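Before any comments, here is the structure.
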Amino acid sequence: MNGARPALNVIMLGPPGAGKGTQAERLARTRGLPKISTGDILREAVQAGTEMGLAAKATMEAGNLISDDVMIGIVRDRLNREDARVGFVLDGFPRTVAQAAALDEMVNGRGPLIVLAMVVPEDILVRRLATRRICSKCGATAAVDWNVCGKCGGALIARVDDSIDIVRERLKIYLRQTDPLVNFYSTRGTFRAIDGNQRPDIVTAQVDAAITAATSAAGAAQ
Ligand code: AMP
């Protein structure tokens, strides 16, 4: 390791609206890590009108998942960039067991993988998503206290896939495809569940404590 700090590799699991993006953003900032949101990467591609964005748009608007091959390729390329050598905070990936297995291979030899699962009751998720906003210009997710986009100053709008019917579909898909990841990871010493139905600052403190505990569990297992 040459005296450098060990890499901190974190994934945030949880249904849409659980607060993964907000907590991932805070964690990335305080720990000096890149925040990698696959939803943001896809929305930026849609805004930019790239080939991948055009191909993904309808699937995203319907609340369905993009194929594992495409998503694994996106994340592999992103994790190979220089800034991810110190670790990363992944938000929105993995979403299927195939993606989780691919991530294990990518992270192999790069330090432990810390898995934080945010737990929030469904009625709260639906309520939160109904009031969520993103930037109409750059596609960034807005923080609760912003009036305009904090990144580019653009106007804030609701996400097309945050409409009530699509939200119900996304929650169904989450239960079918992504919730099994809790079983996939829960026997690992680096897995922690977090109660996401609390004030954001309290959740942030618990995320921090969970990372400290999971990191020392990983160290003890070596
Ligand atoms: P999110 O912002 O994480 O809610 O993602 C928005 C949409 O992008 C999802 O509803 C999917 O259509 C797509 N997406 C993001 N991440 C993934 C992923 N890991 N696997 C498949 N589709 C994804």
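One table, with the values for the structure above:
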| quantity | calculated |
| --- | --- |
| Number of positions in region 145-162 that are free of Cβ contacts under 8 Å to residues at least 12 places away in the same chain and within 16 Å of the ligand (Cβ to nearest atom) | 0 |
| Hits in region 78-98 - residues which are under 23 Å from PRO180 (Cβ atoms) and free of Cβ contacts under 8 Å to residues at least 40 places away in the same chain | ALA98 |
| Cross-chain or 6+ apart pairs with Cβ under 7 Å, region 119-133 first and more than 12 Å from ILE164 (Cβ to Cβ), then open to solvent by less than 80 Å² (accessible area, probe 1.4 Å) and assigned to a helix (DSSP H, G or I) | GLU122/LEU171; ARG132/ASP162 |
| Residue pairs meeting the criteria (Cβ under 7 Å; at least 6 apart or on separate chains; first without any contact (Cβ under 8 Å) to a residue 60 or more places away in the chain, in region 53-77; second within 8 Å of the ligand (Cβ to nearest atom) and among the small types (Gly, Ala, Ser)) | ILE66/ALA56 |
| Selected residue [at negative phi, more than 11 Å from the ligand (Cβ to nearest atom) and of a type in the set (A, V, I, L, M)] from LEU54, LEU65, LEU42 | LEU54 |
| Members of region 180-207 that are touching a residue at least 60 places away in the same chain (Cβ under 8 Å), of a type in the set (D, E, K, R) and exposed (fewer than 15 other Cβ atoms within 10 Å of the Cβ) | ASP195 |
| Which listed residue, of ILE164, ILE124, ILE157, ILE173, is touching a Lys or Arg at 6+ places or on another chain (Cβ under 9 Å) and either open to solvent by less than 40 Å² (accessible area, probe 1.4 Å) or farther than 17 Å from GLY21 by Cβ (or both) | ILE173 |
| Flag if ASP165 is among the acidic types (Asp, Glu), away from the ligand (no atom under 11 Å from the Cβ), within 21 Å of ASN197 (Cβ to Cβ) and out of contact with any His (no Cβ under 7 Å at 6 or more places or on another chain) | no |
| Qualifying helices (runs of 4 or more DSSP H) (wholly inside region 111-189; at least 3 residues being aromatic (Phe, Trp, Tyr) and on the phi < 0 side of the Ramachandran plot) | none |
| Scope region 75-102; condition among the β-branched types (Val, Ile, Thr) and under 13 Å from PRO34 (Cβ atoms); matching residues | VAL75, VAL86, VAL89 |
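The values are calculated or read from the model by the stated rules, or taken from the named source; none is laboratory data. Note that the structure is a prediction, hence the values are computed from the model and not measured. Because the Cβ atoms are built from the backbone with ideal geometry, glycine has one as well, and the counts that use them run over all protein chains shown. All accessible areas refer to the heavy atoms of the entire protein, side chains included, with ligands and DNA or RNA removed. Shrake-Rupley method; radii C 1.70, N 1.55, O 1.52, S 1.80 Å.
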